[in-house]
Amino acid sequence: MFEVKSTDLAGRIGRLRTKSGILETPVLLPVIHPSRQTLSAGIIRDLGFHAVITNAYIAKNNCPKNSRKKGIHKTIGFDGIVMTDSGGYQVLEYGDVNASPESMTIFQEDIDSDIAVVLDKPTGARINRKYAEKTVKETLKAAEKTLKTKSKRNILWVGPIQGGIHLDLVSQSAQEISQMDFDILALGSPTQIMKSYQFKLLSSMIIAAKKKIPVNMPLHLFGAGHPLTIPLAISLGCDLFDSASYMLYARDDRYFTDAGTVKLEDLSYLICTCPFCSSHSLKELLNLEKDKRIDAIALHNLHVLMKIVKESKEAIREGRLWEYLGSKARCHPRLWEAFRNLSEHIEYLEDGSPLFRSKAVFFTEPIDNVRPEVKHHRWRLEHNIELTKPVLLLLPEVEVRPFYRSPLYTAISKVLMERENKVQVCFIVPTFGLIPLEISDIYPLSQYENSYKPDSYDDISLAVNEDVEKIVNSNTINEIIILSDGVFSRNLVEKIKTKIPLSIVEAENGDFQKTIDKLIETLVKIKPKPQE
Ligand SMILES: [Zn+2]
């Protein structure tokens, strides 16, 4: 049913099989109104959207006979994949609806949806815990009723997860619904949280749900059609999104951009290259009648959302979703806050991050020091690498990769080879910590780019200090030699000194040969291994 093709962070590209075709995820499903849609479903199809979502509850109230007779695809005029929501949103808005989970199950089967949703009880952003508990319970009950009622086998059924801002309830809800026989799960009612840009809270809700559901289970995020929400939700492992936002914002003259939304009146140009924006001026757009203007902006908004989904997918394929999300995060302080907070969840993100990829890993600022690749290196260093030779030689990071090809290492390699079982060589790399020579060609230890050269490792690389202290405390070595280019942590030097003999060879600024001579002078004092 659902097959994962590639992953990066917790994001993935997958293939979801439905009776009307295969849907590649992550995917955004534009919301189509069953009877009052102005921008036709055909135009939306032509834009490249293979799936849409419409509201079965509204169809049941407005045009039940017609929908049953023609089926939902013909009713809305869309020949791709049609998902139907079942009125949960109306429950959230109006408190209750005039339908039962059973009747909505039968109706969605009657109109032949491809993907159908349980009529749930959304928690929304309510703080009242008792109420939240009640919605979780009622949603689970509705889910049971739906599974008992359904009779067709070719519809994918979506089980909703509720709990809202109560993360333990989200976990509990996700765990219980995972044990039922659903094809897709959906995280309910984050709309208000997204509207108020609470991206950090949204991340926590998604992660709380994802941790409890099986890896091969697709997750839908209700109402997540905002340019800034999509990259975050995709990075955290959401696979499907629906959104009415392209239309709702258009009605308010709000124009989507890569960086968020902007009021038309605040623009000087149509800053987009979609067909409409390429062939019209801002003035022409402003002069359109209100209805036509809404459709024009909605069309443009859909282009922007489509572009963001495609960019996210490409970033997953190339293994640079971290960089992509980081670039988006700079567009809004709340998103940046959520991005920074991912450092709390690196283990969760690390699972999906590929061990190898064709692109270099970029480090542009200290937050990048927590990216999953670093976490993975640190885990490997702690669990898989034994640094037990008696002398530890610490060399500064050099430009040439892998490090063993560098002029620095080449110049001292003969002396070191003669002392192979005596000297452990490690390079000091602020972003990763220590990199032992032997593994310096493993990805990404020789495929990374650093934008900064620190003045001191104290403030930016706790990793280096941690590694050195660990080795010193392990009692397996009895001497440390540091080739210092002036930025090695003074604090650390003071600490090591009290525990272990330490030689610091200061690099000669600008005189490579002199530096090498000084270093070799120190190294030759180590007795070589006996000749065989
Ligand atoms: Zn445009």
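FYI, it's all coordinate maths here, none of it is from the lab. As the structure is a prediction and not an experimental result, all values here were calculated from the model. Cβ sites come from the backbone with ideal geometry, for glycine too, and all protein chains shown count toward neighbours.
Between the stretch 100-145 and the stretch 279-310, what is the C-alpha centre distance in whole Å?
Each part's Cα centre sits 34 Å from the other's.
Which ³J(HN,Hα) values in Hz, rounded to whole numbers, follow from the phi angles of the stretch 497-510 under the Karplus curve 6.51 cos²θ - 1.76 cosθ + 1.60, where θ = phi - 60° and Gly and Pro get x?
3, 6, 10, 8, x, 9, 10, 10, 9, 7, 5, 8, 4, x
Report, in degrees rounded to the nearest 10, the 0 to 90 angle that the Cα long axis of helix 129-149 makes with the longest principal axis of the chain.
70 degrees
Mind listing the long-range amide H neighbours of G159? Cut-off is under 5 Å, sequence gap 5 or more, other chains count too, H placed in the peptide plane at 1.01 Å from N.
Here the answer is D183, I184, L185, A186, since their amide H atoms fall under 5 Å of that of G159.
Suppose R0 equals 60 Å. What FRET efficiency, 1/(1 + (r/R0)^6) with r the Cβ-Cβ distance, do T522 and V215 give to the nearest 0.05? Please report the intermediate quantities before stating the final value.
On the way: r = 51 Å, r/R0 = 0.86.
Efficiency at R0 = 60 Å is approximately 0.70.
With only Lys, Arg, Asp and Glu charged, each at its Cβ (+1 for the first two, -1 for the last two), find how big the charge dipole of the chain is about the Cα centre; round to the nearest 20 debye.
Working: 69 positive and 68 negative charges, 324 e Å.
Once rounded to the nearest 20, the dipole reads 1560 debye.
Where in the stretch 204-228 does the label zone of R129 land, with the point 7 angstrom along Cα→C-beta and an amide N cut-off under 19 Å?
Within reach of a label on R129, which here means backbone N under 19 Å from a point 7 Å along Cα→Cβ, the stretch 204-228 contributes 205, 208-209.
Per-residue HN-Hα couplings for the stretch 233-238, Karplus 6.51 cos²θ - 1.76 cosθ + 1.60 at θ = phi - 60°, whole Hz, x for Gly and Pro?
5, 5, 4, 8, x, 7
Please list, ordered by chain and number, the residues whose modelled amide H lies under 5 Å from the amide H of V505; skip anything fewer than 5 residues away on the same chain.
Under 5 Å from the amide H of V505: I482, L483, S484.
Scan around G11 for amide H atoms under 5 Å from its own, H built in the peptide plane at 1.01 Å from N, and keep only partners 5 or more places away or cross-chain.
Counting only residues 5 or more places away or on other chains, the set is G237.
Post the alpha-carbon centroid distance, the stretch 362-432 to the stretch 172-187, in whole angstrom.
Computed from Cα coordinates, the inter-centre distance equals 45 Å.
With n ≥ 4 as the cut-off for DSSP H runs, can you work out [θ] at 222 nm for the chain, using -39500 (n - 2.57) per run divided by the number of residues, rounded to the nearest 500? Walk me through the numbers before you get to the answer.
Numbers: 23 runs with 229 residues, N = 532.
Computed ellipticity for the chain at 222 nm equals -12500 deg cm²/dmol.
Starting from the Cα of S343, step 7 Å along the direction of its Cβ; do the same at T38; then give the gap between the two resulting points in nm.
Taking the two extended label points, one gets 4.7 nm.
With a 10 Å Cβ neighbour count serving as the proxy for reagent exposure, in which order, fewest first, do K141, K328 appear?
Final ranking by Cβ density, sparse to dense: K141, K328.
Just to confirm my understanding: which cysteines in the chain have no other cysteine beta carbon less than 4.7 Å from their beta carbon?
For the chain, the answer is C63, C238, C274, C331, C426, because their Cβ atoms have no other cysteine Cβ under 4.7 Å.
Quick one: W379, W336, fewest Cβ neighbours within 10 Å first, how do they rank? Each step should come with its number before you reach the end.
Values: W379 12, W336 17.
The most exposed by this proxy come first: W379, W336.
Plugging the Kirkwood radius over Cα pairs into Stokes-Einstein for the stretch 2-349, at a temperature of 37 °C and a viscosity of 0.692 mPa s, what D comes out in µm²/s? Working shown, then result.
On the way: Rh = 20.3 Å.
Estimated diffusion coefficient is 162 µm²/s.
When a footprinting reagent is the concern and you count Cβ atoms within 10 Å, what order do H220, H376, H73 take, fewest first? Present the calculation step by step, with values, prior to reporting the outcome.
Details: H220 26, H376 17, H73 20.
Lowest count first: H376, H73, H220.
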